[in-house]
Amino acid sequence: DGGITQSPKYLFRKEGQNVTLSCEQNLNHDAMYWYRQDPGQGLRLIYYSQIVNDFQKGDIAEGYSVSREKKESFPLTVTSAQKNPTAFYLCASSLTGQVGELFFGEGSRLTVL
Amino acid sequence: AQTVTQSQPEMSVQEAETVTLSCTYDTSENNYYLFWYKQPPSRQMILVIRQEAYKQQNATENRFSVNFQKAAKSFSLKISDSQLGDTAMYFCAFMKLSTGTASKLTFGTGTRLQVTL
């Protein structure tokens, strides 16, 4: 089945450690996105990528980094510079021409202790 | 910058009844799209309905329809004949027209809808 796979589903880390969240899609979509979801704040865009080896900052990129070495993969690293990393992270992808139709993964819940 | 406001954090509706979720937005753009996304308890978000700003006709998808008032910058979602499976968080979203391939959406804070028996 085609879709987006995020892993891990739950992740616990100590303060000061970098963490990498995985996102893989087999939908052959060109664009991929990372959103952060916090209670009462909706979804906020962290980074997005329109094509392999290219990505742009979203609204809250500070303390995060990404890479896009393959079309299928768009991992997100939450660095120690992110001041409040505990959140629910959603990865999404979209097909060129399908305006605004994002396909989402099931999310990764990161808790920093 | 665009902002999307959903003023109803929670709503409840009885099965088979109709419910309307509100959304307002602020933008200086003239060409844009508006969306409603649904996030059920399983957490996987899906697109419910899409509206192009240049179209005057309100979008409809089965039991879901919108009331798009461009001058008032209002975009409400009506769910008719509510079903238990409609229980979810609903997000309103805005996207300005762009030449790139990516769909950069700005989301509201969401409305949690509970459908009861």
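The values are calculated or read from the model by the stated rules, or taken from the named source; none is laboratory data. Note that the structure is predicted; figures quoted are calculated from it, not measured. Neighbour counts run over all protein chains shown; Cβ positions are idealised from the backbone, glycine included. Surface areas here come from the heavy atoms of the whole protein model, side chains and all, with no ligands, DNA or RNA. Shrake-Rupley method; radii C 1.70, N 1.55, O 1.52, S 1.80 Å.
What FRET efficiency would be calculated for the residue pair A:T96, B:R63, taking the C-beta separation as r and a Förster radius of 30 Å, to the nearest 0.05?
Working: r = 30 Å, r/R0 = 0.99.
That pair, A:T96 with B:R63, gives E of 0.50.
With a 1.4 angstrom probe, the accessible area lost at the B-A interface totals about 2000 Å².
The share of accessible area on the protein assembly as shown that comes from carbon and sulfur is 45 percent, using a 1.4 angstrom probe.
Subtracting the Cα-Cα distance of B:E10 and B:D26 from 0.36 nm times their residue separation leaves 3.6 nm of extension gain.
Checking the cross-link pairs A:K9/A:K83; A:K71/B:K55; A:K14/B:K96; A:K14/A:K57 against a 32 Å limit on the alpha carbon distance flags A:K71/B:K55; A:K14/B:K96 as lying beyond it. Residues of the range A:81-113 buried by at least 50 Å² of accessible area upon assembly of all protein chains, compared with the chain on its own (1.4 Å probe): A:V99, A:G100, A:F104, A:E106. Accessible surface for chain A, divided over its residues, is 49 Å² per residue with a 1.4 Å probe.
Within chain B, which is the longest segment containing none of the GluC sites (Glu not before Pro) that sit in a DSSP loop and have at most 14 other Cβ atoms within 10 Å?
Formally, the longest exposed-site-free interval is B:30-117.
Calculate the length of the line joining the C-alpha centroid of the range B:1-48 to that of the range B:67-88, in whole Å. Centre-to-centre distance over Cα atoms comes out at 7 Å. Using a cutoff of 8 angstrom between alpha carbon atoms and counting only pairs six or more residues apart, the relative contact order for chain A works out to 35 percent. For the pair B:D81 and A:S7, what calculated FRET efficiency results from E = 1/(1 + (r/R0)^6), where r is the Cβ-Cβ distance and R0 = 35 Å, to the nearest 0.05? Efficiency at R0 = 35 Å is approximately 0.40. Take the Cβ atoms of B:I46 and A:S80, set R0 to 45 Å, and the FRET efficiency comes out at 0.85. Counted by Cβ distance under 11 Å from B:T3, the other residues give a net charge of 0, where Lys and Arg count +1 and Asp and Glu count -1. When every Cα-Cα distance of the protein assembly as shown is counted in 5 angstrom steps from zero, the calculated P(r) takes the values 1, 7, 14, 18, 18, 17, 13, 8, 3, 1, 0 percent.
Let a ≥ b ≥ c be the square roots of the eigenvalues of the Cα gyration tensor of the range B:44-112; is it rounded (a/c under 1.5), or, if not, prolate (a/b larger than b/c) or oblate? Oblate.
Direction-averaged projected area, Cα convex hull, chain B: 7.2 nm², rounded to one decimal.
Tell me which of A:Y33, A:N53, A:P75 sits at the most positive position along the dipole axis of chain A, charges placed on C-beta atoms (Lys, Arg +1; Asp, Glu -1). It is A:P75.
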